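Heads up: the structure comes next, in structure tokens.
Bear in mind that the values in this text are calculations on the coordinates, not laboratory data. Values in this document were obtained by computation on a predicted structure and should not be read as measured data. Cβ sites come from the backbone with ideal geometry, for glycine too, and all protein chains shown count toward neighbours.
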Amino acid sequence: MASTTKISELAEVISSNTAIVDRYFISNNLPTPSFEVDGPSTIIFPPHEKDVAAAYSQVLSATLELHTLMKGPTDMLLRMATLATNDTLSLQAVYRLNLAFKVPLERGISYADLSNECKLNERDLRRLIRHAMTNKIFKEKNSLVVHTAASKLLVSNPAINGLVGIQVEEYFPSATKTVEAMMKYDGVHSPGQSGFSLANNTTKGLYEEFNESPVRSRRFAAAMGGFASRIPIQPLAQKFDWASCTNVVDVGGAQGPVSTALAKLFPNTKFVVQDYAEAVAEGKKKVAGDESAMNVEFMEYNFLTEQTVLGADVYYFRAIFHNWPDESCVEILRNQIPAMKKGAHILIEENLTGPKSQALYREKIESSMDLTMLTYFGGAERTAEDLTKIAHMADPKFKVVSASQIEGTPSSLVNIVWEGGE
Ligand SMILES: C[S@@+](CC[C@H](N)C(=O)[O-])C[C@H]1O[C@@H](n2cnc3c(N)ncnc32)[C@H](O)[C@@H]1O
């Protein structure tokens, strides 16, 4: 008989690594994880110390694996789809009915009063909320619905609320159509062939569709902005010689969160942020009167057409290419060529995927992000080699000179030099 089994090995990994994380919390006077209403909303982001981050990641992976092993193949298969779908269903109810905003933060509310406020009968409302509670979104106290740290976050953080909104209102229906879309078009070769497009009964891609719907477009932009604002700027500032550039074009730069931050650090470099009209208008409003953003300009530009800023030193794309199928990435790169001088850089900042043999939790998050890109856009999470192939397909005179992680962030920077032109 084996002296240790897989499940007791995993239990040991969980125990020893939880102790490392716990010691870190205690010695740094940090609150220990809790969903109590005054508990911390984030655990460790970004990871401050590598060994603690590794221990934290081991705990998440080993608990996931132990949980799956303990369920066994039958229970896992029988329940997987309904469990995951119903998690989203009850979250959709929380979002759609605006429940987090209707439960008073300080005292809670009865199901009867909440039912009146939501115009939904008490019995069904209770069923939905009780399910949300299994994910620690609200809890019951003295027969009242009261907040937890998770439900409170929906009230206090508009970006998180927006991200939840797009998951339940846009992603949830789109994902049900992804396989159908792939079968229909034998893969996804243009944004209009995505699960999103099929679910929305359109041949347009997500961005084009949202251009006609300011409410959906704003919710999406706010949610993306929430992601963007969590990434520190210093590591990117140190990763490239921005100071030596006269002009940088931030292509698809949204409301300019990166360019306005870089512009403060590099006052002699001019940053041009390009995006659709609405993002550009919002960006202009944000920097109006800000002396430190005098070197930032906003410009409407559709990157599916030829680049209009000629002769810049850098054309920078952050979190753009993973939103597009390979064919569109090639087109976007080719659209920059007529504007590019010899030696100009295309800088692509993206999360690059790594080898498959990594911690289970990390693998699940990365692979889930990949399917999210596929469903929304027909896009993909890519390796450095994938992006190199795309650059060469666009033109062999694009030379990939480096691709490496930006220290302290989840992103990498791919530096491509244009060897054609004058
Ligand atoms: C995921 S966001 C990234 C925004 C920004 N680069 C950042 O990292 O915060 C993608 C951006 O691409 C813009 N975009 C999508 N299609 C575009 C197009 N055809 N032309 C210009 N911008 C576009 C969107 O409006 C959005 O702001």
Inset, instruction - Counting other beta carbons within 10 Å of each Cβ, put Val273, Val168 in order, fewest first. - result: Val168, Val273
Inset, instruction - Return the whole-Å distance between the Cα centroid of the stretch 17-35 and the Cα centroid of the stretch 46-85. - result: 19
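Expressed as a whole percent, how much of the Cα-Cα distance distribution for the stretch 12-126 exceeds 25 Å?
Values: 3292 of 6555 pairs.
Roughly 50 percent, rounded to a whole number.
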Inset, instruction - Treat the count of other C-beta atoms within 10 Å as a stand-in for reagent exposure and order Leu333, Leu10 from fewest to most. - result: Leu10, Leu333
Inset, instruction - For the stretch 231-418, take the alpha-carbon Rg, divide it by the Kirkwood Rh, and send me Rg/Rh. - result: 0.96
Inset, instruction - List, largest first, the extents of the alpha carbons of the stretch 114-235 along their principal axes, each in whole Å. - result: 55, 45, 25
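Calculate, in nm to one decimal, what Asn201 and Asn29 gain on full extension: separation in residues at 0.36 nm each, minus their alpha carbon distance. If you can, show how the numbers build up before the last one.
On the way: separation 172, 0.36 × 172 = 61.92 nm, distance 5.24 nm.
That works out to 56.7 nm of additional length.
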Legend entry - Given charges at Cβ of Lys, Arg, Asp, Glu: the stretch 21-179 dipole, positive-most of Asn116, Leu89, Pro158: Asn116
Legend entry - Span per principal axis, largest first, for the Cα atoms of the stretch 79-147 (Å): 35, 22, 18
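Equivalent ellipsoid semi-axes for the chain, as square roots of 5 times the alpha carbon gyration tensor eigenvalues: give them largest first, rounded to whole Å. Walk me through the numbers on the way to the answer.
Details: eigenvalues 305, 141, 114 Å².
Taking √(5λ) for each eigenvalue gives 39, 27, 24 Å, largest first.
Rounded to the nearest 500, what is the chain's calculated 222 nm mean residue ellipticity when only DSSP H runs of at least 4 contribute -39500 (n - 2.57) each, over all residues? Intermediate results must be reported in sequence, preceding the final value.
On the way: 18 runs with 214 residues, N = 422.
My calculation for the chain gives -15500 deg cm²/dmol from helical runs alone.
So what's the net charge close to Ala93: Lys and Arg +1, Asp and Glu -1, counting the other residues with Cβ under 15 Å from its Cβ?
That works out to +2.
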Inset, instruction - Taking every Cα atom in the stretch 157-218, find the radius of gyration and the maximum pairwise distance Dmax, and write them in Å. - result: 12.3, 40
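Compute the length gained on full extension between Lys184 and Ile7: take 0.36 nm times their separation in residues and subtract their Cα-Cα distance, giving the result in nm to one decimal. Walk me through the numbers before you get to the answer.
Numbers: separation 177, 0.36 × 177 = 63.72 nm, distance 4.25 nm.
Length gained, Lys184 through Ile7: 59.5 nm.
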Legend entry - Distance in nm between pseudo-label sites at Met369 and Asn135 (7 Å out along the Cβ direction from Cα): 2.0
Inset, instruction - Find how many whole Å separate the alpha carbon centroid of the stretch 168-228 from the alpha carbon centroid of the stretch 267-298. - result: 28
Legend entry - Exposure proxy ranking, count of Cβ atoms within 10 Å, fewest first, for His189, His147, His392: His189, His392, His147
